[in-house]
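Visitor: Handing you this structure, nothing more for now.
The values are calculated or read from the model by the stated rules, or taken from the named source; none is laboratory data. What you are looking at is a predicted structure, and each value in this text was computed from that prediction instead of being measured. Reconstructed Cβ throughout: ideal geometry from the backbone, glycine too, with neighbour counts over all protein chains shown. Heavy atoms of the whole protein, side chains included, go into the accessibility calculation; ligands, DNA and RNA do not. Shrake-Rupley method; radii C 1.70, N 1.55, O 1.52, S 1.80 Å.
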Amino acid sequence: MKDDGNLVRLSFSIEKELFSGLEKLLAVHHYSNRSEFIRDMIRKQLARRECADSKVVIGTISVLCDLDHAGIEEKLNKTLDNCNVKILGSSRFAIDKHYSTSTYMMQLRRGFVISVQIPTC
């Protein structure tokens with residue numbers, strides 16, 4: 001249990017409709033009280049703000065490859081090798097003898113755009 005000396009008490013007013021929605025959220029998310037729900041919402045907003053202010057983001061690229069038209073995956077790999085991105089992981093899944101899908105998870109600078117020109121088949 002937290003030390004009550006570290007807590008600040010707040011009082012605020014909300015519309016009845018918002019209060020009803022709050023009560024429903026408490027029940028759905030199994031919060032034992034309103035204070036813990038509000039603390040959790042504030043923590044989530046602060047975490048989102050921290051991520052939004054970050055200069056580094058994590059993203060994924062998913063590619064569906066037609067194995068009868070080779071070269072798409074190799075071209076993407078070459079492009080990623082030439083970019084300033086950090087590949088965190090990748091996976092490949094064979095759908096059937098003609099198609100596979102690959103997913104790459106990477107860390108890169110915010111606003112960085114990867115452009116790959118893929119020939120149409």
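Visitor: Only four residue types carry charge here, +1 at the Cβ of Lys and Arg and -1 at the Cβ of Asp and Glu. Report the dipole size of region 1-58 about the Cα centre in Debye, rounded to the nearest 20.
Guide: 160
Visitor: Also: Using label points projected 7 Å from each Cα along Cα→Cβ, tell me how many nm separate residue 50 and residue 12, to one decimal.
Guide: Roughly 2.1 nm, to one decimal.
Visitor: Then there is this: Taking amide hydrogens as modeled 1.01 Å from N in the peptide plane, which residues meet the under 5 Å criterion relative to residue 67, leaving out close sequence neighbours?
Guide: 99, 100
Visitor: Pull out a ≥ b ≥ c, the square roots of the eigenvalues of the alpha-carbon gyration tensor of region 41-82, then state rounded if a/c is under 1.5, prolate if not and a/b is larger than b/c, and oblate in the remaining case.
Guide: Oblate, because a/c is 1.5 or more while a/b does not exceed b/c.
Visitor: Within the accessible area of region 30-89, what % is carbon and sulfur when the probe is 1.4 Å and the other protein chains stay in place?
Guide: So the carbon and sulfur contribution to the accessible surface is 53 percent.
Visitor: Hey, which lysines would be in cross-link range of residue 75, C-alpha to C-alpha under 30 Å, not counting anything within fewer than 8 residues on its own chain?
Guide: Partners within reach: 55, 86, 97.
Visitor: Under 16 Å between alpha carbons, and skipping anything fewer than 8 positions from residue 24 in its own chain: which lysines qualify?
Guide: Here the lysines satisfying the reach criterion relative to residue 24 are 16.
Visitor: Roll a 1.4 Å probe over the protein chains and send me the accessible area per residue for region 11-76 in Å².
Guide: 81
Visitor: How far apart, in nanometres, would the label points at residue 4 and residue 20 be if each is projected 7 angstrom from Cα along the Cα-to-Cβ direction?
Guide: So the two model labels end up 3.4 nm from each other.
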